[in-house]
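The values are calculated or read from the model by the stated rules, or taken from the named source; none is laboratory data. Since this is a predicted model, take the numbers as computed values, not measurements. Counting neighbours? That spans all protein chains shown, and the Cβs are built from the backbone with ideal geometry, glycine included. With ligands, DNA and RNA removed, areas are computed over all heavy atoms of the protein, side chains included. Shrake-Rupley method; radii C 1.70, N 1.55, O 1.52, S 1.80 Å.
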There are 2 protein chains.
Amino acid sequence: MTYIADDIVCEAPAGRIEGAVAYRAFMTPFVAMLKSTTMLATFGDESTALIMYDTSTTLVPSAPGAELLTVAAGRITHSRFLFDRLPFDQARRA
Amino acid sequence: MTYIADDIVCEAPAGRIEGAVAYRAFMTPFVAMLKSTTMLATFGDESTALIMYDTSTTLVPSAPGAELLTVAAGRITHSRFLFDRLPFDQARRA
């Protein structure tokens, strides 16, 4: 959480998350099932980063994600977060 | 299709699509429901582009996507394509 701004806003597939406490609560279940991450591409400039990665999780073997990050004063203040929720939904229903 | 290589490989959420004919068949239903696109970020270098955009479709009001594109000789030869299938799945079930 070192690089997460206290007032981070994350626009995730399920909706808007505001603040580091809520962001941590949102990420914790995902991190708990995370087995590995492979970075596919990273780009950025002074204030923005755009990354795409693949992850392997205990629930879904390949779960790629993309994030458009805004950085200010060395911390992430905004994250537009994208991943495919369908395989997670299907795995939970199975 | 001007910028699509004949032998494009697209790694989409639902699986691997090979060749321009299959890629066109894959994209056609999406394009038919597309109302508008807003580019959120574009980065790239000599051979790679990473983009994130939001789309509005007749089925899902906000459907963001990200693409990691490999370009050779002015055409897209590889696309790692990411979007959230869940709202489309839910809309089709409703």
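Data overview
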read-out	value
Matching option when the condition is open to solvent by 20 Å² or more (accessible area, probe 1.4 Å) and closer than 18 Å to residue A:27 by Cα, among A:81, A:43	A:81
Qualifying positions in the range B:50-78 - assigned to a strand (DSSP E or B) and either at pLDDT below 95 or within 17 Å of residue A:67 (Cα to Cα) (or both)	B:50, B:51, B:52, B:53, B:54, B:55, B:65, B:66, B:67, B:68, B:69
One residue from B:41, B:32 being facing chain A (nearest Cβ under 9 Å) and modelled with pLDDT of 95 or more	B:41
Members of the range B:1-49 found to be within 19 Å of residue A:54 (Cα to Cα) and not in a strand (DSSP E or B), listed by number	B:13, B:14
All positions within the range B:69-82 that are of a type in the set (Lys, Arg) and more than 11 Å from chain A (Cβ to nearest Cβ)	B:75
Among the candidates A:49, A:66, residue that is facing chain B (nearest Cβ under 10 Å) and in contact with a Lys or Arg (Cβ under 9 Å, 6 or more places away or on another chain)	A:66
Options A:87, A:64; residue that is closer than 15 Å to residue B:52 by Cα and in contact (Cβ under 8 Å) with a residue 24 or more places away in the chain	A:64
Candidates A:85, A:24, filtered to the one that is among the basic types (Lys, Arg) and either touching a strand residue (DSSP E or B) at 6+ places or on another chain (Cβ under 8 Å) or more than 9 Å from chain B (Cβ to nearest Cβ) (or both)	A:24
Residue list for the range A:1-19, filter: more than 24 Å from residue A:85 (Cα to Cα) and acidic (Asp, Glu)	A:6, A:7
Unique match (being exposed (fewer than 15 other Cβ atoms within 10 Å of the Cβ) and either small (Gly, Ala, Ser) or under 12 Å from the mean Cα position of the chain (by Cα) (or both)) among A:5, A:22, A:12	A:22
